[in-house]
Amino acid sequence: MEPSGPLPEARRVLGLSSLGHFINDGTTFFVPVIAALLGPVRGFSPLDVTILFVVYYVTSAVLGLFVGWWADRHGRPAYLMAVGIGLLGLGLFLFYVVLAGLGGPIGYPVALIAGSVTGFATSFYHPLGASLLQRAFRPERRGVAMGINGAAGSIGRASYPVLFFLVTLAVVTSDAILLFAAFGVLAAFAIASGLRSVVAAERKAVPSTGSNARESVTGGIIRLTGVSFVRSVASQGVAVWIPTYLTAVRGVPASGALGLAVAVMYVGGILGQPVFGLLVSVVDRRLLIGLASAGSALTTLGYLFTGGVTAGVLLFLIGFFTFSAFPLLMTLSAEYVPSGPSSLANALVFGLGSGGGSTVGPLIVGAIAAGGYALLTTGLEAMVALGIVSAFLVLLLPPVGRAARVSLFG
């Protein structure tokens with residue numbers, strides 16, 4: 001892959017940003033596993049868990065816009081990406097405090113602080129990592145790079161539950177969380193060190209202007225943000241509650257075995273991300289987004305009414321379709337903005353869009369299940385219906401072209 005644009009060493013950017021994606025997504029999708037443990041370990045109710053999800057995802061979605069704006073205005077996306085990964089370690093450490101019982105009677109407030117810190121930390125990676133890759137690779141190679149990078153995130157999602165299962169064989173459940181906190185801190189230092197030349201170039205660069213940041217708010221970006229939001233409501237309403245569904249409805253023990261079961265879904269994204277990354281160069285990306293949304297909904301429907309090996313295969317396919325957002329949305333996002341800073345546009349699509357949907361989806365399912373975990377199936381069925389609707393919303397996306405890149409602010 002040959003670099004083009006201001007960032008040198010495209011392979012190094014891809015490798016270290018993939019490490020960041022591994023840690024970020026491993027942590028992001030490990031939080032629902034932690035939330036599922038809080039019920040039996042600390043006695044949190046479905047309402048408590050729902051509020052924790054809302055705090056976590058609202059923080060990520062809202063503050064992601066600030067991170068994207070700041071990166072476009074002041075530059076230094078590589079440096080900020082490393083900072084965000086480091087903050088993930090702090091958030092997981094706070095969750096450890098709660099699970100270990102060190103929070104005592106203030107355990108739930110500490111859990112909410114942990115959720116907000118972790119949510120803020122997860123708001124860094126996607127807009128900044130995508131911006132680095134968009135600048136480092138030519139358009140015809142961008143989808144492949146995004147797919148490889150996205151696969152690293154899926155490996156993180158799949159690996160964290162498996163590692164959790166293995167570690168809990170040797171130590172108590174709460175102590176295992178410390179290992180993942182250490183992963184975040186060590187990865188932050190590795191990224192900052194490995195991208196030292198890029199960070200140095202960022203310091204010397206002339207900061208972007210506020211007007212350049214506003215230019216990224218185009219008609220195409222606004223529509224893509226809306227489609228991303230609805231798609232994420234449906235898909236993440238399912239993905240976030242799957243760990244709790246497995247424990248409360250299907251009877252999977254709330255232990256390391258839970259992490260092993262959830263890993264089946266996350267493994268699907270390891271294959272799905274590069275497949276969709278390759279397809280974006282030859283198939284209309286709008287069509288691919290619609291197909292991925294429909295695939296996620298239909299496989300979820302099948303999973304709810306099957307068991308055994310068939311259910312395991314469908315859980316894998318849920319991950320295959322659901323976790324395809326990064327290469328699909330971020331390659332299309334780059335086509336909807338003028339050349340120049342793109343972190344704010346990425347934050348709108350992936351932060352406000354996908355992140356905002358990730359807040360609303362779990363909230364809707366949680367509201368339906370407020371009367372008891374037995375109602376989780378009904379909540380997931382509602383997400384299936386919305387997922388079908390989201391598949392058709394891609395018809396609202398404009399074709400790639402000059403008109404789609406016109407800023408709403410002139």
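Quick notes
- Candidates Val162, Val167, Val185, filtered to the one that is at pLDDT below 80 and more than 28 Å from Val400 (Cα to Cα): Val162
- Scanning the stretch 35-65 for residues that are over 18 Å from Leu376 (Cβ atoms) and either of a type in the set (A, V, I, L, M, F, W, C) or surrounded by fewer than 19 Cβ atoms within 10 Å (Cβ to Cβ) (or both) gives Val41, Arg42, Gly43, Val55, Val58, Ala61, Val62, Leu63, Leu65.
So that you can scan it fast, the table gives a plain yes or no per residue for (1) closer than 21 Å to Phe326 by Cβ; (2) among the hydrophobic types (A, V, I, L, M, F, W, C); (3) in a helix (DSSP H, G or I):
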{"position": "Phe44", "(1), (2), (3)": "no, yes, no"}
{"position": "Thr50", "(1), (2), (3)": "no, no, yes"}
{"position": "Trp69", "(1), (2), (3)": "yes, yes, yes"}
{"position": "Phe95", "(1), (2), (3)": "no, yes, yes"}
{"position": "Pro127", "(1), (2), (3)": "yes, no, yes"}
{"position": "Ser131", "(1), (2), (3)": "yes, no, yes"}
{"position": "Gln134", "(1), (2), (3)": "yes, no, yes"}
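- Pick from the stretch 326-350, criterion open to solvent by 10 Å² or more (accessible area, probe 1.4 Å) and assigned to a helix (DSSP H, G or I), ranking: farthest from Ile270 (Cα to Cα): Leu344
- Residue count, the stretch 280-293 (criterion: modelled with pLDDT under 90 and open to solvent by 30 Å² or more (accessible area, probe 1.4 Å)): 5
- Val162 being surrounded by fewer than 24 Cβ atoms within 10 Å (Cβ to Cβ), assigned to a helix (DSSP H, G or I) and in contact (Cβ under 8 Å) with a residue 24 or more places away in the chain: yes
- Scan of the stretch 1-33 for residues that are modelled with pLDDT of 80 or more and of a type in the set (Val, Ile, Thr), ordered by number: Val13, Ile23, Thr27, Thr28, Val31
- Taken over the stretch 294-308, the criterion of being modelled with pLDDT of 85 or more, over 16 Å from the mean Cα position of the chain (by Cα) and either part of a helix (DSSP H, G or I) or among the hydrophobic types (A, V, I, L, M, F, W, C) (or both) is satisfied by Ala294, Gly295, Ala297, Leu298, Thr299, Thr300, Leu301, Gly302, Tyr303, Leu304, Phe305.
- Of residues in the stretch 236-265 being open to solvent by less than 10 Å² (accessible area, probe 1.4 Å), closer than 23 Å to Phe350 by Cβ and assigned to a helix (DSSP H, G or I), the one modelled with the lowest pLDDT: Val262
- Breaking point among (1) farther than 23 Å from Ser232 by Cα; (2) of a type in the set (Val, Ile, Thr); (3) touching a Ser or Thr at 6+ places or on another chain (Cβ under 7 Å), for Val58: (1)
- For Gly75: the one exception among (1) touching a Leu at 6+ places or on another chain (Cβ under 7 Å); (2) at positive phi: (1)
- The single condition among (1) under 22 Å from Phe29 (Cβ atoms); (2) open to solvent by less than 40 Å² (accessible area, probe 1.4 Å); (3) touching a Ser or Thr at 6+ places or on another chain (Cβ under 9 Å) that Gln134 does not satisfy is (1).
- Of everything listed in (1) within 23 Å of Thr359 (Cα to Cα); (2) open to solvent by 10 Å² or more (accessible area, probe 1.4 Å), the single unmet condition for Ala152 is (1).
- Residue match in the stretch 366-384 (condition: under 16 Å from the mean Cα position of the chain (by Cα) and either in a helix (DSSP H, G or I) or over 25 Å from Val264 (Cα atoms) (or both)): no
- Leu287 vs. criteria part of a helix (DSSP H, G or I), farther than 24 Å from Phe30 by Cα and touching a helix residue (DSSP H, G or I) at 6+ places or on another chain (Cβ under 9 Å): yes
- Among the residues making up the stretch 74-124, a single one is surrounded by fewer than 18 Cβ atoms within 10 Å (Cβ to Cβ) and farther than 26 Å from Ala35 by Cα: His74.
The values are calculated or read from the model by the stated rules, or taken from the named source; none is laboratory data. What you see is a predicted model; the values in this text were computed from it and never measured. Methodologically, a virtual Cβ is constructed for each residue, glycine included, from the backbone with ideal geometry; neighbour enumeration extends over all protein chains shown. Side chains are part of the model used for accessible areas, which takes the heavy atoms of the whole protein and leaves out ligands, DNA and RNA. Shrake-Rupley method; radii C 1.70, N 1.55, O 1.52, S 1.80 Å.
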